[in-house]
């Protein structure tokens, strides 16, 4: 048998009996995939790790707290043999052979009738890697191959075109705070599969250079307004390209639903009968402070943080923010889109009780190569912004957390 490679196959175990012998680390690693496959799982083991015990407590597996006994593999379709008793493993393996049950052994792969491949998943595809030479198995190599393939599929560097007809539609993708490495795996994969990308100015621009030449990239800031407002023009562009049968990605900065008008776009698409997928993104409200060495919460300092838009001043009748209430809070206040209004914001907070000595940090172009941090207080922030020529986009953090950690600018 050692002269022949293993034959790869996918087992459909939903509703079928699977027996796992041993409740240690091997079982802990393998059980989640068996549970996800819908298997009817019997665990036989005197003891189990806390994680395995939690699976039993949750009803995901049936646990019989005893050692292996002859007959345990009766009616099983598949078995994972992973006890700490070599003699019990050998007996169980022999039972599996006698009953034609495929068995994986953690202690002696050569004595097993099946091997577990290094597996990974990427949006509907399972990648499974086995060493073809049975005499030279190298688990680390197979895992590395698995990781390389899965990572390539996820981040779009390994593109596998769909050959069946794709359903046209739109994906609202949160691109994160600016660093192209901070987009989600799913967002990056959808970008790689797109026919059209309508991008915001604050989205991760470096990702656009990686797109294939056939992808049409549209700068949302430059869509002609015509007789429509800017957002209506963007909505119309999304609908128009999707109706032409194209896969469209609306690449937005941060998260689509954090001051990103994502819901307005989704509503327009729903009214037009166009399917839409929403991919969350890392919001700059937490990621940019973190990149600058500022935690928005910290034990003993801040038990809450509030994120507000500062695009209209506190005394503007259009403002929906209760600034007096915010001034009474003791936690962290994160202001987005507020650079040109920070003087009035600081004045209002102080007028309603916040100390003028409250620390303030402004992080410009957060997570990008141009990132810089400027510190001030509520009393000095307006003049500091002018003196330091702080410009949007910048995230403003107000609160004692500003002084908690070491300053980070990279």
Legend entry - Size of segment 285-403 as Cα extents on the principal axes (Å, biggest first): 37, 33, 23
Legend entry - the chain: relative contact order as a whole-number percent, Cα under 8 Å and 6+ apart: 11
Legend entry - Cα convex hull of segment 16-79, projected area averaged across orientations, nm²: 3.8
Legend entry - Of 101, 149, 217, the one that fluctuates the most in a GNM where the chain has Cα springs shorter than 10 Å: 101
Inset, instruction - Please identify, among 302, 209, 220, the residue showing maximal mean-square fluctuation in a Gaussian network model of the chain using a 10 angstrom Cα cutoff. - result: 209
Inset, instruction - Enter the Cα centre distance for the pair segment 90-116 and segment 167-204, rounded to the nearest angstrom. - result: 46
Inset, instruction - Please give the peptides 7-20, 357-370 ranked by average Cβ packing (other Cβ atoms within 10 Å per residue), highest first, as a rough proxy for protection. - result: 357-370, 7-20
Legend entry - Residues 72, 40, 110 arranged by fewest to most Cβ contacts within 10 Å: 110, 40, 72
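How many percent of DSSP beta bridges within segment 285-403 run antiparallel, rounded to 5? Don't jump to the answer; show the numbers that get you there.
On the way: 15 of 20 bridges.
Within segment 285-403, antiparallel bridges account for around 75 percent of the total.
Once Rh for the chain is found with the Kirkwood sum over Cα pairs, what is the Stokes-Einstein diffusion coefficient at 25 °C and 0.890 mPa s, in µm²/s? List each step's numbers first, then the result.
Numbers: Rh = 25.6 Å.
After rounding, the answer is 96 µm²/s.
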Legend entry - segment 169-279: relative contact order as a whole-number percent, Cα under 8 Å and 6+ apart: 42
Inset, instruction - Name the most mobile residue of 311, 214, 241, meaning the one with the largest mean-square fluctuation, in a Gaussian network model of the chain with Cα contacts below 10 Å. - result: 214
Inset, instruction - Using only Cα atoms, tell me the angle between helix 262-271 and the longest principal axis of the chain; keep it within 0 to 90° and round to the nearest 10. - result: 70
Inset, instruction - Could you check what % of the DSSP bridge pairs in the chain are antiparallel, to the nearest 5? - result: 35
Inset, instruction - Of the DSSP beta bridges with both residues in segment 172-298, give the percent that are antiparallel, rounding to the nearest 5. - result: 5
Legend entry - With Cα atoms, 0 to 90° folded angle of helix 86-98 axis to the chain main axis: 70
Legend entry - In degrees, nearest ten, helix 342-351 long axis to first principal axis of the chain (Cα): 90
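Classify segment 338-410 as rounded, prolate or oblate, taking a ≥ b ≥ c as the square roots of the eigenvalues of its Cα gyration tensor: rounded when a/c is under 1.5, otherwise prolate if a/b is larger than b/c and oblate if not. Don't skip to the answer; put the middle values down first.
Numbers: a/c = 2.30, a/b = 1.42, b/c = 1.62.
Here segment 338-410 falls in the oblate category.
Any read-out appearing in this document is the output of simple, stated calculations on the displayed coordinates, not a laboratory observation. Predicted, not measured: the structure shown is a model, and the values here were computed from it. Virtual Cβ from ideal backbone geometry, glycine too; neighbours counted across all protein chains shown.
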